[in-house]
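Structure first, then comments.
The values are calculated or read from the model by the stated rules, or taken from the named source; none is laboratory data. Predicted model, so just to flag it, every value in this text is computed and none were measured. Here the Cβ positions follow ideal geometry from the backbone for every residue, glycine too, while neighbour counts run over all protein chains shown. Just so you know, the surface numbers come from the protein's heavy atoms only, side chains and all, with ligands and any DNA or RNA stripped out. Shrake-Rupley method; radii C 1.70, N 1.55, O 1.52, S 1.80 Å.
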Amino acid sequence: ELPSAVDLFASIDNPVANFLSRTGAFDIRHVNGNVYLEAAEHSSGEQALWMRLRSPMPEGSDELLHRALLAYGCDQVMLEPVLRRHALSWRTRGLSMASLDHGMWWHRPVRVDKWLLYVQQTPSAQGGRGLGLARVFDRAGALVATITQEGMVRVPEEERDKRPSDDQRPERWTRPSLR
């Protein structure tokens with residue numbers, strides 16, 4: 001019942017959004033709102049989302065293919081907790097992001113054509129880098145994978161200054177520079 005990123009992109013009159021709505025491999029549904037168009041209301045550095053493949057898997061597809069597709073799909077959301085921590089969105093003007101390192105641990109068989117719950121956080125997001133952690137659960141609640149991704153996240157100084165000050169946030173914390 002959560003809003004789908006596919007539907008959101010389809011409703012936007014923009015060539016990139018239209019492309020994503022047609023070609024995105026995964027249906028992604030954020031539990032507490034997405035950060036595609038605007039920053040999260042509260043800067044927590046945590047998020048949860050459901051994800052599954054939009055197309056059916058070939059009959060008899062093996063575990064290796066499911067794992068490869070999970071690796072591909074998770075790359076789309078792994079640094080979002082870093083964006084949330086710093087009150088950024090994917091549309092932040094001048095945002096520059098790149099994956100630096102990525103690790104995955106497999107605990108149980110996984111099916112990417114079934115709903116998977118990503119429970120994510122960022123333990124560190126400073127100095128132009130952020131670390132995303134995800135625990136991925138199947139619908140029965142079994143932990144199927146643990147994922148880490150370190151990424152470069154940079155925002156021009158003038159855009160950083162437009163965000164709310166720490167005094168205006170519900171939780172006070174010292175926000176280091178992302179430069």
Scope the range 1-10; condition in a loop (DSSP other than H, G, I, E, B) and either without any contact (Cβ under 8 Å) to a residue 40 or more places away in the chain or buried (at least 16 other Cβ atoms within 10 Å of the Cβ) (or both); matching residues: GLU1, PRO3, SER4
Under the condition of being of a type in the set (A, V, I, L, M) and open to solvent by less than 60 Å² (accessible area, probe 1.4 Å), which residue from the range 13-28 is farthest from LEU133 (Cα to Cα)? ALA17
Extreme residue, surrounded by the most Cβ atoms within 10 Å (Cβ to Cβ), among residues of the range 129-169 that are assigned to a loop (DSSP other than H, G, I, E, B), modelled with pLDDT under 95 and not small (Gly, Ala, Ser): VAL155
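Rundown of residues vs (1) among the hydroxyl-bearing types (Ser, Thr, Tyr); (2) closer than 21 Å to ASN34 by Cα; (3) in contact with a Leu (Cβ under 6 Å, 6 or more places away or on another chain), yes/no style:
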residue	(1), (2), (3)
TRP50	no, yes, yes
ARG54	no, yes, no
THR92	yes, yes, no
HIS102	no, no, no
TRP105	no, no, no
Is it the case that SER44 is at pLDDT 90 or above and not β-branched (Val, Ile, Thr)? no
Across the range 29-55, the tally of residues that are among the β-branched types (Val, Ile, Thr) and either surrounded by fewer than 20 Cβ atoms within 10 Å (Cβ to Cβ) or more than 26 Å from LEU69 (Cβ to Cβ) (or both) stands at 1
Top-ranked residue of the range 76-90 - restricted to ones that are touching a Leu at 6+ places or on another chain (Cβ under 7 Å) and not hydrophobic (A, V, I, L, M, F, W, C), ranked as surrounded by the fewest Cβ atoms within 10 Å (Cβ to Cβ): SER89
